[in-house]
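Read through the structure below, which is laid out as C-alpha cells, and then see the notes.
The values are calculated or read from the model by the stated rules, or taken from the named source; none is laboratory data. Since the structure is predicted, the reported quantities are computational estimates derived from the model, not experimental observations. As a convention, Cβ positions derive from the backbone with ideal geometry for all residues, glycine included, and neighbour counts pool all protein chains shown.
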Amino acid sequence: MHLESEDIIDQPADVIYPLVRDNMSKLVPYLQNVEKIEPIEREELEGGPRIVCRWHPKVEIPSVAKKFVKPETFSWIDHATWDDEHYKVDFYHEPYAAKDLFTVKGTNSFGPWEQDPTKTRLYVCCDVEIYPERLPGMPSFVAKRLRPTIESMIKKMIQPNLTSLGKGLVRYFETQQTK
C-alpha cells in the first residue's frame with residue numbers, strides 16, 4: 001500500500017522541522033491515535049541526527065482477534081535519519097513485538113510552500129506492506145480467516161499516524177496561540 005499526504009501549515013519550515021525532529025512527544029496529544037512516543041536512541045551525525053523511538057498506538061482490537069493479538073503487537077520502532085540541510089527525514093518502522101508483521105518505509109519533507117514561503121508544505125510519502133499471517137502464535141488457517149480483519153486493524157493504526165502529522169501540527173499551533 002502506498003500512502004501520500006500533503007498539508008500546508010501556517011508556520012515556517014524552520015519552526016516546524018526542529019519541532020518534529022527534536023520534540024515529537026509534544027505533538028502526541030494532537031496525533032489521532034498515538035498514546036505515547038518513547039525515545040530510545042539519538043546519534044548526532046554530520047547532516048542530521050539518527051533518532052530511534054518506540055511508538056505506542058491507541059488501538060482497539062476486535063474481540064475475534066483478542067486471543068491472538070495483544071496491543072503491543074501494534075507498537076513499532078521508528079528509525080529516522082534526518083537531513084537538516086534539506087528539511088527531510090527518511091524513516092522505516094520496525095514492528096516492536098511481531099517483528100515481521102509489517103514494513104513501512106518512507107520520507108517526510110518540510111519545505112517552504114511555493115505560494116507563501118512563511119508556511120510549510122509537509123509532504124509524507126511511504127510504502128506499507130502487511131503480513132498478518134506472521135502474527136506469533138497464530139495458526140495459518142486462522143490467519144487466513146482473520147487476514148482481512150488484521151489488515152484492516154493495521155491500516156487503521158498506521159495510515160492515520162503517517163498522514164495526520166500535518167493536522168496534528170495545525171492543532172498544536174492553534175493551542176499554542178491561545179496560551
Next on the checklist: Please determine whether any residue of region 61-69 is among the aromatic types (Phe, Trp, Tyr), modelled with pLDDT under 95 and either closer than 30 Å to Asp116 by Cβ or in a strand (DSSP E or B) (or both).
Outcome noted: no
Item to check | When residues of region 20-33 are limited to those that are touching a Lys or Arg at 6+ places or on another chain (Cβ under 7 Å) and in contact (Cβ under 8 Å) with a residue 40 or more places away in the chain, the one farthest from Trp82 (Cα to Cα) | outcome: Asn33
Next on the checklist: Please determine whether any residue of region 145-153 is modelled with pLDDT of 75 or more, among the charged types (D, E, K, R) and in a helix (DSSP H, G or I).
Outcome noted: yes
Checklist entry - Restricting to region 84-141, what's the tally of residues that are more than 25 Å from Glu46 (Cα to Cα), of a type in the set (Asp, Glu) and not in a loop (DSSP other than H, G, I, E, B)? => result 4
Checklist entry - Among the residues of region 19-41 satisfying the criterion of being closer than 14 Å to Leu122 by Cβ and in a helix (DSSP H, G or I), which is farthest from the chain's Cα centre (by Cα)? => result Leu19
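Results for (1) touching a His at 6+ places or on another chain (Cβ under 8 Å); (2) under 14 Å from Val124 (Cα atoms); (3) of a type in the set (Lys, Arg); (4) at pLDDT 95 or above, shown as yes or no for each residue.
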position	(1), (2), (3), (4)
Glu43	no, no, no, yes
Thr73	no, no, no, no
Asp78	yes, no, no, no
Asp83	no, no, no, yes
Thr103	yes, no, no, no
Checklist entry - Of all the residues that make up region 3-41, how many are modelled with pLDDT under 90 and either exposed (fewer than 13 other Cβ atoms within 10 Å of the Cβ) or on the phi > 0 side of the Ramachandran plot (or both)? => result 1
